[in-house]
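Every number here is computed from the coordinates shown, using simple stated rules; none is lab data. From a predicted model like this one, the values you see are computed outputs, not experimental measurements. As a convention, Cβ positions derive from the backbone with ideal geometry for all residues, glycine included, and neighbour counts pool all protein chains shown.
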Amino acid sequence: MSVRQGLLSVLSLGPNYGYQLRSEFERRTGGTWPLNIGQVYTTLDRLERDGLVRRGASTDEVQVLYEITAAGRDAAHTWLTRPVIREGATRDELAIKLALAVTIPGLDITALIQTQRSATLGALQDLTRLKRTDDRGDLAWELVLESMIFQLEAESRWLDHVEGRLTRIRDGRDPDPGDAAHPRPAERPASESTEAAR
Amino acid sequence: MTAAPVLRLDGVSLQYGQGSTSVTALSGIDLEIRRGELVAVMGASGSGKSSLLTVAGGLVRPTSGEVIVDGQWLSSLKPGQLAALRRRHLGFVFQDFNLVPALTAIENVSLPLELDGWKTSKAHRAARDALSTVELAEQADRFPDDLSGGQQQRVAIARAVVGGRSLILADEPTGALDSTTGEVVLRMLRGRVDHGAAAILVTHDARHAAWADRIVFIRDGRIVDESAYRGVETMVGRHA
């Protein structure tokens with residue numbers, strides 16, 4: 001998500017000064033995305049340049065009041081109602097690390113997975129404690145917190161899945177896909193070995 | 001001074017069968033749980049999670065090692081004494097609730113007390129108190145079929161703690177419930193622990209295990225790791 005679309009969405013509710021807009025954005029996202037005021041003004045300048053906001057009639061001589069334009073309202077509505085598409089290959093460090101780790105001889109993958117699982121569970125415990133001890137009734141904050149909890153749960157389940165797959169391969173219940181994808185030198189076809197030797 | 005553990009497992013091993021067909025379910029388990037503590041047990045299917053619970057609850061005797069509940073060595077108890085200890089000290093919560101369909105909620109909760117010789121009126125008073133703690137006092141006279149799954153599990157939790165029993169043994173208590181209802185049940189379980197009970201929660205769900213103070217991981221019948229609440233709350237927004 002960009003700050004641009006978030007601010008535009010807040011402005012669709014009514015005109016705001018820069019500081020007001022920042023406070024309102026943070027209030028509506030449970031304070032989980034703190035904004036730098038400089039970032040807010042830079043974003044507002046760009047939104048104004050693109051015709052999505054304009055300067056309104058301010059009663060304050062120092063501050064500028066910003067209001068959304070019709071085009072800005074359309075853009076905010078489009079963003080709010082469109083699904084979020086997560087594009088491209090994963091850049092998740094854990095996924096990449098484990099993918100690499102299973103190809104490196106001598107690493108204790110089971111121990112590596114358990115160490116990660118323990119850390120993931122520890123983080124999950126922290127967030128769960130935070131959730132169950134907070135009684136402020138801030139729905140926005142709780143939803144963001146729960147999103148983080150579910151992501152950690154998914155990570156834990158994925159670790160279980162990886163461990164299960166590796167166990168089945170180790171026990172010979174599943175073939176090792178690595179054997180086909182990355183044949184060891186001795187298992188390479190003769191022509192390929194000859195090619196590689198040149 | 002640290003309180004004595006409600007449950008202690010000392011080098012507990014459990015084998016099913018004999019000779020070449022024997023299967024090791026638990027191997028050298030050491031575990032202590034104190035009042036006010038919720039311990040989650042996680043592990044893959046067949047890792048020994050449920051075996052640990054049945055041994056801790058005195059339902060199965062370990063092949064070797066000791067189980068000590070509230071200072072009593074289970075190996076020293078005769079069957080009748082063991083049954084009495086289970087009624088007075090232990091409460092079980094199962095995935096499928098295990099309520100008696102022909103009894104109302106309050107009758108289900110008071111049943112273990114009445115089996116232990118309590119007068120019905122006194123047992124019902126205690127049962128009503130226990131139902132209040134899981135916010136079900138108003139459903140006391142309903143039959144299980146008239147309650148939702150989440151409500152039935154809360155009745156099971158009330159039954160597990162009624163009469164001041166000290167140790168709750170919960171085997172996948174949220175397994176048959178949707179996410180939101182499961183969380184209500186966990187909140188109730190956590191509440192009972194925070195009020196002085198101790199509990200073991202067997203679960204495969206990390207999000208539910210995270211309600212525990214400690215998470216114990218079992219593989220091939222052995223405890224292979226433990227994750228404890230670190231006491232440092234993650235910063236999430238400005239509320240933290």
### Message
I'm trying to understand the selection: among the residues of region B:153-166, which are crowded, with 24+ Cβ neighbours inside 10 Å and of a type outside the set (D, E, K, R)?
### Response
B:Q153, B:V155, B:A156, B:I157, B:A158, B:A160, B:V161, B:V162
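Please enumerate the residues belonging to region A:59-76 that are part of a helix (DSSP H, G or I) and in contact with a Ser or Thr (Cβ under 7 Å, 6 or more places away or on another chain).
Within region A:59-76, the first condition is being part of a helix (DSSP H, G or I), and the residues that meet it are A:70-76.
Correct list: A:R73, A:A76.
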### Query
Within region A:149-166, is there a residue that is farther than 30 Å from B:V193 by Cα, acidic (D, E) and free of Cβ contacts under 8 Å to residues at least 12 places away in the same chain?
no
### Task
Scan region A:77-86 for residues that are outside any loop (DSSP other than H, G, I, E, B) and surrounded by fewer than 12 Cβ atoms within 10 Å (Cβ to Cβ) and report the count.
3
## Note on the structure
Within region A:87-121, the residues that are surrounded by 10 or more Cβ atoms within 10 Å (Cβ to Cβ), part of a helix (DSSP H, G or I) and away from chain B (no Cβ under 14 Å) are A:L94, A:A95, A:I96, A:K97, A:L98, A:A99, A:L100, A:A101
## Note on the structure
Contact list, first residue from region A:122-137 and within 7 Å of another protein chain (Cβ to nearest Cβ), second anywhere and of a type in the set (S, T, Y) and in a helix (DSSP H, G or I), beta-carbon distance below 9 Å, six or more apart or interchain, is A:L124/A:S156
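So which of A:L21, A:L47 ends up being touching a residue at least 40 places away in the same chain (Cβ under 8 Å), of a type outside the set (K, R), farther than 30 Å from A:R136 by Cβ and in a helix (DSSP H, G or I)? Quick ask: steps written out before the conclusion?
Details: A:L21 fails: farther than 30 Å from A:R136 by Cβ.
Answer to the selection: A:L47.
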### Message
Filter region B:184-226 down to the residues that are within 11 Å of another protein chain (Cβ to nearest Cβ) and part of a loop (DSSP other than H, G, I, E, B) and list them by number.
### Response
B:H204, B:D205, B:A210, B:W211, B:A212, B:D213, B:D220
### Message
Being in contact with a Lys or Arg (Cβ under 7 Å, 6 or more places away or on another chain) and within 30 Å of A:L145 (Cα to Cα) is the requirement here; does A:G31 meet it?
### Response
yes
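Given the residues B:L14, B:L74, B:L59, which is the only one that is free of Cβ contacts under 8 Å to residues at least 60 places away in the same chain and out of contact with any Asp or Glu (no Cβ under 9 Å at 6 or more places or on another chain)?
Details: B:L14 fails: free of Cβ contacts under 8 Å to residues at least 60 places away in the same chain; B:L74 fails: out of contact with any Asp or Glu (no Cβ under 9 Å at 6 or more places or on another chain).
Being free of Cβ contacts under 8 Å to residues at least 60 places away in the same chain and out of contact with any Asp or Glu (no Cβ under 9 Å at 6 or more places or on another chain) holds for just one of B:L14, B:L74, B:L59, which is B:L59.
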